[in-house]
Amino acid sequence: MENHASNISEAPNGNDPVIEHAGTCALCDAPNVALAESHIIPKFVYDWLKKTSPTPYVRYSSDVNSRQQDGPKEHLLCFACEQKLSALEKTLASRLFKKIANYQKQKSIINVNSNLRLAVLSIFWRTILTARNRESSRTNEDNEAMGIFIESTKTQILNNSCNTKIYLAPFFGDSPYYNFDAEKTYFLERGIGCQDIRFMDDPHRFFAVFKLPFMFFYIFSEGWPESELVNSSELLDGEINVEEIKDMPDILREYIEMVHEDFEKLKKTMNQSSLDRISNDMRKSNVITGAHKSLGRSRPKPR
């Protein structure tokens, strides 16, 4: 997330200062404060994506024909809460992300602490909070469970104590990963977002998920049998060897298949001008970027 000092400007005629983007902080509930333009997915992730690409641009699924220079943001947090989450994200970047999302040499050992787990939890909180009022087919029971989850994660972040079980599926070592087709490699290594909270019935339960490059994070609500959790790898405090993570639960595998299919459909909606621009950018690059490497790994290996 980016530092954001304030949005206060002088008012004409000596009146009280005008606060731009004033509102209630979504985290601490402070009223009538200047709200920072907060990244839903941390800014360092989009910086990495641009750094490992031939061009300093990203594209959103909402408009694949438009080039952007940053990830989606919303006015959510006061300055103090923005700084709080920014500090947590530095831990996530240094202790986990930069070790796995690394084209030079991935590092298998990560050291997890409470701040790292809180950073991941804060991304779950933001992605679900900002999706809450979007049009969906959720039932009233779904919305109630979603609201409880949002309030629970918010309280944990405020109290600096993560008691939610968070799971990690890293893409480490040689592709293809987890027996997925090689053609999914580019998406698995470079996709961002894919955030969702998916509800099931009998019993009523949910599965929350989001993606960063080279990894997925996911959460199960109560009501899931052990047989469906057995292949999950929990993000626990202490040392984790991600090279030993060899499997994932069926629901995550099915979700990846679905979002990759959507990813392929979106690519087909790109106009010829966008396709030509991407092709030219890749061809003109005078260095082999991470994007080139992921693209090469996505091609089926000769038999």
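Given R₀ = 22 Å, what would the calculated FRET efficiency be for Glu239 paired with Lys105, taking r from the Cβ atoms and rounding to 0.05?
0.75
Fully extending the segment from Lys90 to Val287 would add 68.1 nm, taking 0.36 nm per residue of separation and subtracting the current Cα-Cα distance.
Using unit Cβ charges (K, R positive; D, E negative) and no other charged atoms, how large, in debye to the nearest 20, is the dipole of the chain about its Cα centre?
Dipole of the chain, to the nearest 20 debye: 1640 debye.
Farthest toward the positive end of the dipole of the chain, out of Ile219, Cys78, Tyr46, is the Cα of Tyr46, where the dipole comes from beta carbon charges about the Cα centre. Each Cα pair under 8 Å and six or more residues apart adds its separation to the average, and for the stretch 68-175 the resulting relative contact order is 28 percent. Over the chain, Cα pairs under 8 Å with separation of 6+ residues give a relative contact order of 18 percent. Take the Cα of Arg198, step 7 Å along the line toward its Cβ, and report every residue of the stretch 212-243 whose backbone nitrogen sits under 12 Å from that point. The answer is 219, whose backbone nitrogens lie closer than 12 Å to the label point. Working from Cα pairs under 8 Å separated by at least six residues, relative contact order for the stretch 122-263 is 23 percent. For the pair Glu141 and Asn271, label points projected 7 Å from Cα toward Cβ lie 4.6 nm apart. Using the rule -39500 (n - 2.57) for each DSSP H run of four or more residues, divided by the residues of the chain, the 222 nm mean residue ellipticity is -11500 deg cm²/dmol. Of the residues Ser114, Trp125, Gly147, the one whose Cα sits farthest towards the positive end of the charge dipole of the stretch 92-151 is Ser114 (charges of +1 on Lys and Arg Cβ, -1 on Asp and Glu Cβ, taken about the Cα centre).
Quick note: the coordinates plus some simple rules give every number you see, no bench work behind them. Everything numeric here is computed off the predicted structure, so don't read it as measured data. When we count neighbours, we look across all protein chains shown, and the Cβ atoms used for this are built from the backbone with ideal geometry, even at glycine.
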